[in-house]
Amino acid sequence: MSHTTLISASTLAEQLNRADLVIVDCRFSLKDTEAGRNAWSIAHIPNARYAHLDDDLSGPVQPDKRGGRHPLPTVDTLAATLGAWGIHSATQVIVYDDMGGAIASRLWFLLRWLGHSNVAVLDGGWQEWVAGEYPVSSDEPNISPAKFDAQPNPNLIVNQEEVVSSLHTGQMTLLDARAPERYRGEMEPLDPKAGHIPGARSSPFAQNLTAGKTLKSADAIRERFSQVLDKTPITNAVLYCGSGVTACHNALALSHAGMDGYRLYVGSWSEWSNTSDLAIETGEPGTEGTL
């Protein structure tokens, strides 16, 4: 059986000995970029590899911030990383973090971008695993390197030029996954300007989660995004956030709800706000100020 969006802790525990299984620990903190790796070294799900957001799931940051704070890795580089973790076309990949899937969904999206659909996020993440008293380990994983055959899907990605063009054509509906106060421009802890891309709609990724940091039901997610999109086809939806990471959580939620067809603007606000001639808006929809 393949898992393509979510897997429960109990189901994963039952399948730990699957020969085709690769588990990847994606715990990460922007405040301490080695905290996730350190936590993994102390305890992780047995045989889990560790994926570092900056080193493994992103390319080098460019001096002009082209591509944003977490640019996509090149196809060849990412394929080599995935192969080194033992992932090939028949592998069932399970990814997890300790932030409700906010980081793990980036790897989930990257695998789908390269044509690998058998990847799922552990619902509830590390906390759910520990709460269930399932086995943990501090041992290095036993890895048999593989050849990952990358088949990138360009239709999942849009670039800044395409987003700029859409501001005039109306062919994209931008969904901003950041916290509402960042969307409104009331604060900006990471990037040079506060606000949002003109016309974007606020769709915080945190609203995909229950109080226990598990994903809400497919019906609840479908209702939420149907309200945000307001009759806009999902094929017009373009997801963004600060740097193309938590927007992937919206992608995960949409796919779990059967709403595929969206695209991701990877550079996101970190690229947009570093490009001097691009307009920004602040405030709620209908009350924006343009800068």
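Those residues that are surrounded by 15 or more Cβ atoms within 10 Å (Cβ to Cβ) and at positive phi, I need them from region 116-141; list them, please.
If the condition is that a residue be surrounded by 15 or more Cβ atoms within 10 Å (Cβ to Cβ) and at positive phi, then 124, 125 are the ones that fit.
When you go through 41, 58, 10, 2 one by one, which is the residue that is within 19 Å of residue 264 (Cβ to Cβ) and in contact (Cβ under 8 Å) with a residue 12 or more places away in the chain?
58
Could you tell me whether residue 97 is under 20 Å from residue 9 (Cβ atoms) and of a type in the set (D, E, K, R)?
Here the answer is yes, as residue 97 does meet what is asked.
Residue 153 - would you say it is exposed (fewer than 13 other Cβ atoms within 10 Å of the Cβ) and out of contact with any Leu (no Cβ under 6 Å at 6 or more places or on another chain)?
yes
Determine whether residue 194 is touching a Pro at 6+ places or on another chain (Cβ under 7 Å) and buried (at least 17 other Cβ atoms within 10 Å of the Cβ). Can you show your working first?
Working: touching a Pro at 6+ places or on another chain (Cβ under 7 Å): no; buried (at least 17 other Cβ atoms within 10 Å of the Cβ): yes.
No: the conditions fail for residue 194.
When region 1-39 is examined, which residues are found to be part of a helix (DSSP H, G or I) and surrounded by fewer than 21 Cβ atoms within 10 Å (Cβ to Cβ)?
Scanning region 1-39 gives 10, 11, 13, 14, 35, 37, 38, 39.
Condition check: surrounded by 13 or more Cβ atoms within 10 Å (Cβ to Cβ), closer than 26 Å to residue 243 by Cα and not hydrophobic (A, V, I, L, M, F, W, C). Does residue 68 satisfy that?
yes
Would a scan of region 231-252 turn up a residue that is over 17 Å from residue 160 (Cα atoms), touching a residue at least 40 places away in the same chain (Cβ under 8 Å) and among the aromatic types (Phe, Trp, Tyr)?
Scanning region 231-252 turns up no residue that is over 17 Å from residue 160 (Cα atoms), touching a residue at least 40 places away in the same chain (Cβ under 8 Å) and among the aromatic types (Phe, Trp, Tyr).
Working only within region 138-187, note down all residues that are modelled with pLDDT of 95 or more, of a type in the set (Val, Ile, Thr) and either in the same structural domain as residue 67 (by TED's automatic domain parsing) or not in a loop (DSSP other than H, G, I, E, B) (or both).
Matches in region 138-187: 157, 158, 163, 164, 173.
Considering only residues that are without any contact (Cβ under 8 Å) to a residue 60 or more places away in the chain, out of contact with any Leu (no Cβ under 8 Å at 6 or more places or on another chain) and part of a loop (DSSP other than H, G, I, E, B), look in region 44-55 and name the one that is farthest from residue 141 (Cα to Cα).
Here the answer is 54.
When the residues of region 100-115 are filtered to those that are assigned to a loop (DSSP other than H, G, I, E, B) and surrounded by fewer than 23 Cβ atoms within 10 Å (Cβ to Cβ), which remaining residue is farthest from the chain's Cα centre (by Cα)?
To start, the set of residues in region 100-115 that are assigned to a loop (DSSP other than H, G, I, E, B) comprises 100-103, 114-115.
Going one step further and asking which of them are surrounded by fewer than 23 Cβ atoms within 10 Å (Cβ to Cβ), we end up with 114-115.
On the way: 114: 14, 115: 16 Å.
My answer is 115.
Matching residues to (1) outside the structural domain of residue 117 (by TED's automatic domain parsing); (2) more than 16 Å from residue 157 (Cβ to Cβ); (3) assigned to a strand (DSSP E or B); (4) charged (D, E, K, R):
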site	(1), (2), (3), (4)
193	yes, yes, no, yes
211	yes, yes, no, no
243	yes, no, no, no
248	yes, no, no, no
255	yes, no, no, no
260	yes, no, no, yes
275	yes, yes, no, no
285	yes, yes, no, no
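Which of (1) crowded, with 23+ Cβ neighbours inside 10 Å; (2) within 24 Å of residue 157 (Cβ to Cβ) is the odd one out, the single condition residue 54 does not satisfy?
So the condition that residue 54 fails would be (1).
What tally of residues in region 1-34 results from selecting those that are over 18 Å from the mean Cα position of the chain (by Cα) and either under 18 Å from residue 129 (Cβ atoms) or of a type in the set (Val, Ile, Thr) (or both)?
13
The values are calculated or read from the model by the stated rules, or taken from the named source; none is laboratory data. These numbers come from a predicted model, not from an experiment. Heads up, the Cβs are rebuilt from the backbone with ideal geometry, glycines too, and the neighbour counts pull from every protein chain shown.
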